[in-house]
Every structure is written in structure tokens, then in C-alpha cells.
Amino acid sequence: MYNQSHFLGKFAIVTLTALLTLTLFDSNSWWRILLLAIPLTLLNLFFTGLSLRDAWPRLLSASLQGVLAALFSFLVGLTGLLRVTLGTLVGLALLLALLEYTLARFFVQP
């Protein structure tokens, strides 16, 4: 299992990238992005556990986590709760993948 600092670190990364992309460029309210970051973090942690268990390469794991976050944000955007554009989703995926790749060594592997 993951400890509390691992969850908070992932939550900070996901929240920061979502606030930078979805709030700044698509004019979504910040509290909606904070609520979106919770399931995105849980999804990210689940996928991190899958990729560590199978020992995937770090670059592949980070890029898939970014794409998965963008896909989930797109699905939430279909409900009308968020306003998303294609460029913002691409930016979210790239920024999250970059941060996951560079900061993955700081997270202790379970």
C-alpha cells in the first residue's frame, strides 16, 4: 500500500497540472478542478501500482498516466461539469507525463 506522503505528492502533482491547464486556459472554477483531482489521483495511483508491478519502463508509464488523466478529464467534460478543449487536454497529458517522469524517482516504490 501507499503511505500518506505518496498520496499527497501525487495529489499535489495532479492538482498543479490540472489547475495550470484546465483553470488557466479553459476558465473552469478552481473548486471543480480540486474535486476532479481526487479521482484523477486515485486513478493515477492505481495505474502506478499496475505499472510498478509489471515493471514497465518509466517513460511508458508516465506517458500513459498523462493520457489516462486527459481521457478521464475528457469524459468529465462530456457531462458538462467542465469545459475542456483538445489543446488543453493535450497540454494536461504532456505536462503530467513530464512531471511524472521527472519526479518518479522521489516517490518510494511500494
(request) Determine if the range 30-48 includes at least one residue that is under 22 Å from Phe106 (Cα atoms) and not in a helix (DSSP H, G or I). (result) no
(request) Go through (1) under 9 Å from the mean Cα position of the chain (by Cα); (2) at pLDDT 95 or above one by one and return the number of the condition Val90 breaks. (result) (1)
(request) Report, by residue number, each residue of the range 12-68 that is touching a residue at least 12 places away in the same chain (Cβ under 8 Å), aromatic (Phe, Trp, Tyr) and touching a Leu at 6+ places or on another chain (Cβ under 9 Å). (result) Phe47
(request) Please work out which residue is surrounded by the fewest Cβ atoms within 10 Å (Cβ to Cβ), limiting yourself to the range 27-44 and to residues that are within 19 Å of Ala97 (Cβ to Cβ) and either touching a Ser or Thr at 6+ places or on another chain (Cβ under 9 Å) or aromatic (Phe, Trp, Tyr) (or both). (result) Thr41
(request) Can you give me the number of residues within the range 1-18 that are surrounded by fewer than 16 Cβ atoms within 10 Å (Cβ to Cβ) and within 16 Å of the chain's Cα centre (by Cα)? (result) 4
(request) Give the range 76-94 a look and list any residue that's loosely packed, with under 12 Cβ neighbours inside 10 Å, free of Cβ contacts under 8 Å to residues at least 40 places away in the same chain and among the small types (Gly, Ala, Ser), or say none. (result) Gly80
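Does the range 67-110 hold any residues that are outside any helix (DSSP H, G or I) and of a type outside the set (D, E, K, R), and which are they?
Within the range 67-110, Thr79, Gly80, Leu81, Leu82, Val84, Thr85, Phe107, Val108, Gln109, Pro110 meet the criteria.
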(message) Going residue by residue through the range 45-66, is there one that turns out to be crowded, with 18+ Cβ neighbours inside 10 Å and under 17 Å from Arg32 (Cβ atoms)?
(response) no
(request) Could you check, for the range 36-57, whether at least one of its residues is under 14 Å from Thr88 (Cβ atoms) and not aromatic (Phe, Trp, Tyr)? (result) yes
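The values are calculated or read from the model by the stated rules, or taken from the named source; none is laboratory data. Values in this document were obtained by computation on a predicted structure and should not be read as measured data. Because the Cβ atoms are built from the backbone with ideal geometry, glycine has one as well, and the counts that use them run over all protein chains shown.
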